[in-house]
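Here the structure comes first, spelled out in structure tokens, and everything after it is commentary.
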Amino acid sequence: MSRFGAKAFRGMPLAAAFSLLFFFSLGSSFLPGQTPGITDNSILIGSCSALDGPARFLGNQTVMGATAYLHSVNDEGGVYGRKVQLLAFDDGYDPDKAPACFKRMTKEGVFALGFFVGTPTAKVYVPMAEEEKIPVVGLFTGAQLLYEPLKHDILNVRASYYDETREQVDRLWESNVHKIGVLYQDDAFGKAVLDGLKLALQRHNATPVGLGTFARNSLDVDAGLRDVMAAHPQAVLVVGPYSPVATVVKKAHASGWKPQFLTVSFVGTEEFIKEAGPDAEGTIITQVVPPYDRVDYPTVALYRSALQKYYHDMPPSFVSLEGFVDAMVFVEGLKRAGKDLSREKFVAGIESIHDMNVGLGSKLILNYGPTDHKGFDSVYTTIVRGGQPVLLTDWSSVGK
């Protein structure tokens, strides 16, 4: 294997290495003027995400879910006879590593990009992709920078952080929980969710009660936690990946402080529950895909079947289900673009998706257009009970 192989999949499920093996056996012999990444029998797409480091669960799960779907498509003959191959690299959830990772993918001649993880890195990738006119589909972030202003080559699938925080605040308000604090990762991700929370509170003529921060890729949350505790909020939105969020709830509970904790989908629900243990109980987590036990939804059943077939030793998760759905949208765009594939036709293909039932329940109907590059607008809300994330349908006891 080429020197890229070991680094690209460090910390990644080994079965996913199929794509690199395929790619390096082909080489990158694209002709001048030809659309990069397209041959008669393959379509090469690239990804940079956190395959190593403290947020590696998120990157590995995203890529695993995507490759599970791509495996199933390729086993059925691919798209117009072309196998869809994913070349995945690690950026460690570190924006300083993002430029080199992006250049590495473009050097290898990818057709399009997808399955990125995180707002701080997306803030780097998005303008680079726009400049190079490379389509990006499916980013594991709901930051508003993806949508406003409209970016021709950036097509996201999930609901936004504005959607998630609006749902949280509106339901808390109905439950007479009005004092809401926030402890957030001090970077583009944390500030994107904070902006969403502030906007949601403005609808109720309110502002956050107590603000605290912590550094990305750090578990040093004590100062931020003290800042929020001093304001005595009834509920606290904790914004970060699983490790610092777990640390926050554990330290708060150890000190005897037990407000209603909430977080957003980026947390990595299963790993948060694992790290927080009993202290995860009662935490509210908004999700951008339905619970993966809803096998009555056709796409959830398909996901569970593909996971069992290609990654039989890996349990399901909200993150890998989202990666699976992102890959579905990606492939739908390829199909709509037609056999004479180009990047412009691919973008137009996704923009042609209107009111599409993708088998995820009536809440999640896929919609795009030339002026709308966000596929879904709704969320599911879960709460940790008995060590499991379950749907929250009755908020009457929340914050009490």
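The values are calculated or read from the model by the stated rules, or taken from the named source; none is laboratory data. Bear in mind the structure is a predicted one, so any value in this text is a computation, not a measurement. All Cβ positions, glycine included, derive from the backbone under ideal geometry; neighbour counts span all protein chains shown. Accessible surface is based on the protein model in full, side chains and every heavy atom, while ligands, DNA and RNA are left aside. Shrake-Rupley method; radii C 1.70, N 1.55, O 1.52, S 1.80 Å.
Here is how the numbers come out for the structure above:
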read-out: Linear extension gain, THR393 paired with LYS335, 0.36 nm per residue minus alpha-carbon span; value: 17.2 nm
read-out: Separation in nanometres of the label points that stand 7 Å from Cα toward Cβ, at SER352 and HIS232; value: 6.1
read-out: Computed [θ] at 222 nm, deg cm²/dmol, the chain (DSSP H ≥ 4; -39,500 (n - 2.57); rounded to nearest 500); value: -12500 deg cm²/dmol
read-out: The range 35-86 and the range 291-359: distance between their alpha carbon centers, rounded to Å; value: 11
read-out: Cross-link table LYS97/LYS274; LYS123/LYS151; LYS107/LYS133; LYS83/LYS339; LYS83/LYS374; LYS179/LYS258, entries beyond 21 Å C-alpha to C-alpha; value: LYS97/LYS274; LYS83/LYS374
read-out: Debye log10 I(q)/I(0) at q = 0.12, 0.22, 0.28 Å⁻¹ for the range 145-202, Cα point scatterers; value: -0.34, -0.91, -1.18
read-out: Whole-Å semi-axes of the ellipsoid equivalent to the range 77-167 (Cα gyration tensor, √5λ, descending); value: 23, 17, 13
read-out: Förster radius 45 Å - calculated FRET efficiency between ASP293 and GLN34 (Cβ-Cβ, nearest 0.05); value: 0.50
read-out: Compactness index (Cα Rg / 2.2 N^0.38 Å), the chain; value: 0.96
read-out: Where a label projected 7 Å from the Cα of SER255 along Cα→Cβ would reach, residues of the range 169-186 with amide N under 15 Å; value: 181-184
read-out: The chain - percent of accessible surface contributed by carbon and sulfur, probe 1.4 Å; value: 51
read-out: Angle in degrees between helix 298-310 and the longest Cα principal axis of the chain, rounded to the nearest 10; value: 70
read-out: For the chain, with +1 on Lys and Arg beta carbons and -1 on Asp and Glu, the positive-most of TYR162, ILE383, GLY256 along the dipole; value: GLY256
read-out: ASP222 paired with ASN41, simple spin-label distance in nm, labels 7 Å along Cα-to-beta-carbon; value: 6.1
read-out: Amide H within-cut-off set for THR381, under 5 Å, with H built and near neighbours excluded; value: GLN287, LEU392
read-out: Convex hull projection area averaged over all views, the range 98-239, Cα basis, nm²; value: 9.2
read-out: Charged-residue dipole, Cβ positions (Lys, Arg, Asp, Glu), the chain about Cα centre, Debye nearest 20; value: 300
read-out: Percent of Cα pairs exceeding the 20 Å cut-off, where the set is the range 311-371; value: 36
read-out: Net dipole in debye of the range 108-267 [+1 Lys, Arg Cβ; -1 Asp, Glu Cβ; about Cα centre; nearest 20]; value: 580
read-out: Gain on full stretching of the segment that runs from GLU131 to THR207 - 0.36 nm per residue minus C-alpha separation; value: 23.6 nm
read-out: Neighbour-limited loop hits for GluC sites (Glu not before Pro), the range 67-172 (at most 10 other Cβ within 10 Å; DSSP other than H, G, I, E, B); value: GLU76
read-out: From the C-alpha gyration tensor of the range 225-352, square roots of 5λ in Å; value: 38, 18, 11
read-out: Mean separation of Cα contacts under 8 Å, 6 or more apart, over the residue count of the chain: relative contact order %; value: 17
